[in-house]
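Presented below is the structure to which this report refers.
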Amino acid sequence: MRGFWSILFGLILLSCNSDRTNRNPYLQEIGFRFDANLNLPLYSPLTNTGNAVYIGNQTVGTRGVFVINTGFNVFRAFEASCPNHAPNSCSTMELNGQTAICGCDEYEYSLFTGQQLNRPDDGNRYYDMLEYHTTFSGSVVTISN
């Protein structure tokens, strides 16, 4: 019986992972909560699958967020500040259909996945978009971190 508890304890220790290598050093993870009511004209494009909007409210994320309707009442929200630069005058990305483009270096990111689409093959580390938590209830998408 003692062997069972030793194995169980070992598995518990191995399952605890403090590895934070995926943490983006350029972006702070700011706590916030924002409700986007899809009945309002600013957010009504999100009622259609594949449509995205930029929410530039100063209380949402670092430089605002991009929200996209990925279908079946599922929404994804990503930080609008380029994930591969510290926030600066050119790092607020622009919405281009279903992609976000960083003005600093023309990097493109998919709003369906948050992944960088044109990652250079130069051996450097590049980060995908910082994703925020979303929930959908009634006609309101809640975005939070």
* **Matching entry among Thr142, Thr135, Thr70, Thr59 (being exposed (fewer than 14 other Cβ atoms within 10 Å of the Cβ) and in a strand (DSSP E or B))** => Thr135
* Asked: What do you reckon, is Asn48 closer than 18 Å to Asn24 by Cα and not hydroxyl-bearing (Ser, Thr, Tyr)?
  -> no
* Asked: For segment 89-125, how many residues are outside any strand (DSSP E or B), at pLDDT 95 or above and of a type in the set (A, V, I, L, M, F, W, C)?
  -> 5
* Asked: Residue check, Thr62 against (1) at pLDDT 95 or above; (2) over 21 Å from Val140 (Cα atoms); (3) among the β-branched types (Val, Ile, Thr), all met but one. Which one?
  -> (1)
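The values are calculated or read from the model by the stated rules, or taken from the named source; none is laboratory data. Note that this is a predicted model, so its numbers are computed, not measured. Neighbour counts run over all protein chains shown; Cβ positions are idealised from the backbone, glycine included.
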